[in-house]
Amino acid sequence: MADVEQRALVRAGANVRWWPAALAFILLGVAYALVSERLTVGPRWALLVVAVLAVSGGRILHWRGMISATRWVIIAALAAVTAALTASEAFLVGALIEHSLEARTLLISGVLLWASNILTFALWYWETDGGGPHHRHATRCGSTDFAFPQKVLGGDDLADWMPEFVDYMFLAFNTNTAFSPTDTMVLGRRAKMMMMYQSILSLITVVVLVARAINAI
């Protein structure tokens, strides 16, 4: 039974458009590499290396038909990225309180961390919703953690609609800016917890940026 399910996941993988998520992961590493070294965990380029290794390693495992291993490699890399972002947010608050960074550097780093937050959680939603992209395509479930408007309001012409990475990016962007998913309902408890955490990190960044801007004025 396990072999049958594995083969189904491999076949479904042919329908998964993986490159937008891979590109987002690399851009995430680039954005973090541009953050001030005073706000990063270890070398600034460390997360870029993690992203490149996760994407390349994931593709190699995928080509070998090891779908479950591919997913866990990506999830482990995302966990490391999220831990680094959390620490950087704490360093950002410390830099604001101690005035250890000049305004321009703090503002640029804050914006980069804010953008990194969007990319990180878009990847989390993409990789965890419905058991991951391969499982979603294999089972044609579409989504189990979110109720996208295409599924809720769509007719027969959208019966086979499947969320792509850009849909999760839009979801993460709205959560970062409006602190809510706007047009998409959140169903899964895991997704609710991730959204709460994303909103907290985003709110910290916004508060720091606003506070520094007011102080500069």
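The values are calculated or read from the model by the stated rules, or taken from the named source; none is laboratory data. These figures come from a predicted structure and were not determined experimentally. For neighbour counting, all protein chains shown are included, and Cβ atoms are generated from backbone atoms with ideal geometry for every residue, glycine included.
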> Can you name every residue in the range 154-178 that is of a type outside the set (Asp, Glu), at pLDDT 85 or above and surrounded by fewer than 16 Cβ atoms within 10 Å (Cβ to Cβ)?
Replying inline: VAL166, THR177, ALA178
>> Looking at the range 86-102, can you tell me whether even one residue there is among the hydroxyl-bearing types (Ser, Thr, Tyr), under 20 Å from VAL206 (Cβ atoms) and out of contact with any Gly (no Cβ under 9 Å at 6 or more places or on another chain)?
In response: yes
> Among the residues of the range 1-50 satisfying the criterion of being assigned to a loop (DSSP other than H, G, I, E, B) and of a type in the set (D, E, K, R), which is modelled with the lowest pLDDT?
Replying inline: ARG17
> Given the conditions (1) farther than 18 Å from ALA115 by Cβ; (2) touching a residue at least 12 places away in the same chain (Cβ under 8 Å), which single one is not true for TYR168?
Replying inline: (1)
>> Is it the case, given these coordinates, that TRP114 is more than 17 Å from ALA76 (Cα to Cα), at pLDDT 95 or above and touching a Ser or Thr at 6+ places or on another chain (Cβ under 8 Å)?
In response: yes
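When the range 175-203 is examined, which residues are found to be farther than 20 Å from LEU78 by Cα and part of a helix (DSSP H, G or I)?
Taking the range 175-203 as the starting set, the residues that turn out to be farther than 20 Å from LEU78 by Cα are 177-187, 203.
Passing the criteria: THR177, ALA178, LEU203.
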